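The values are calculated or read from the model by the stated rules, or taken from the named source; none is laboratory data. Treat the numbers as computed from the prediction; the structure is a model and nothing was measured. Glycine gets a Cβ as well: all are built from the backbone with ideal geometry, and neighbour counts include every protein chain shown.
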Amino acid sequence: MSDPAQLISAFYEAFSRRDWAAMGACYHPAVHFTDAVFDLHGDQARAMWRMLCTRGRDLQVEFSGVSFAGGVGRAHWDALYTFTATGRKVHNRVDARFAFQEGLIVRHEDSFDFWRWSRQALGAPGLLLGWSSFLHNKVRAQAARGLATFTPDAA
């Protein structure tokens, strides 16, 4: 796809359908994805979307503000879902930036308020510790363990 804004829209349209394979097809083989929890490359990034789409039984995704200017793609997206570990409802608001190579997404950076997310997903522990590196690292470790079951080279 030659238009980066169309590619971003296709990515989020696939996400809204929970079509992780179509999402992965928007990524360059050398993609690098980062957010407050993950720092992933290549197949790991595709596996993360597979995990989120597969586990998110009530996941709803809405996106807006797709643009491409000055070599940078942008979008805003909202995810509404039940956090599996606690059964708590979450509304995560995310801003995304993209870079492109060979007509595909090669860099994807999502940013969101981790403390806000942790208060919703974890309740009191998130409220009290969501700002701390302790909780942040604990969530990262738990997410990495979950991702390992979706990663092709996991043992």
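The number of residues in region 45-84 that are touching a helix residue (DSSP H, G or I) at 6+ places or on another chain (Cβ under 7 Å) and over 15 Å from residue 17 (Cβ atoms) comes to 11. With respect to the conditions (1) assigned to a strand (DSSP E or B); (2) closer than 27 Å to residue 121 by Cα, residue 52 lacks only one, and its number is (1).
Please indicate, with yes or no, whether at least one residue in region 117-140 is touching a residue at least 12 places away in the same chain (Cβ under 8 Å), more than 17 Å from residue 80 (Cβ to Cβ), part of a helix (DSSP H, G or I) and among the aromatic types (Phe, Trp, Tyr). So far as region 117-140 goes, no, none of its residues is touching a residue at least 12 places away in the same chain (Cβ under 8 Å), more than 17 Å from residue 80 (Cβ to Cβ), part of a helix (DSSP H, G or I) and among the aromatic types (Phe, Trp, Tyr).
When you scan region 124-143, do you find a residue that is modelled with pLDDT under 90 and hydroxyl-bearing (Ser, Thr, Tyr), even just one? Yes, because at least one residue in region 124-143 is modelled with pLDDT under 90 and hydroxyl-bearing (Ser, Thr, Tyr). Could you check region 55-83 and list, in sequence order, the residues that are in contact with a strand residue (DSSP E or B) (Cβ under 9 Å, 6 or more places away or on another chain) and at positive phi? 65, 71, listed by residue number. Note on region 12-45: residues that are part of a helix (DSSP H, G or I), modelled with pLDDT under 95 and either in contact with a strand residue (DSSP E or B) (Cβ under 6 Å, 6 or more places away or on another chain) or of a type in the set (Val, Ile, Thr) (or both) amount to 0. For region 101-124, the condition holds for at least one residue, the condition being that it is exposed (fewer than 13 other Cβ atoms within 10 Å of the Cβ) and among the hydrophobic types (A, V, I, L, M, F, W, C). So is residue 54 exposed (fewer than 14 other Cβ atoms within 10 Å of the Cβ) and closer than 24 Å to residue 137 by Cα or not? Here the answer is yes, as residue 54 does meet what is asked.
Of the residues screened, residue 15 is one that is under 16 Å from the mean Cα position of the chain (by Cα) and in contact (Cβ under 8 Å) with a residue 60 or more places away in the chain. Determine, yes or no, whether residue 77 is touching a residue at least 12 places away in the same chain (Cβ under 8 Å), more than 26 Å from residue 10 (Cα to Cα) and hydrophobic (A, V, I, L, M, F, W, C). Judged against the criteria, residue 77 is not a match. For region 1-51, filtered to residues that are of a type in the set (Ser, Thr, Tyr) and within 21 Å of residue 144 (Cβ to Cβ), the residue that is surrounded by the most Cβ atoms within 10 Å (Cβ to Cβ) is 27.
Table: residues versus (1) within 19 Å of residue 141 (Cβ to Cβ); (2) under 14 Å from the mean Cα position of the chain (by Cα).
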site: 48; (1), (2): yes, yes
site: 63; (1), (2): no, yes
site: 69; (1), (2): no, no
site: 81; (1), (2): no, yes
site: 87; (1), (2): no, no
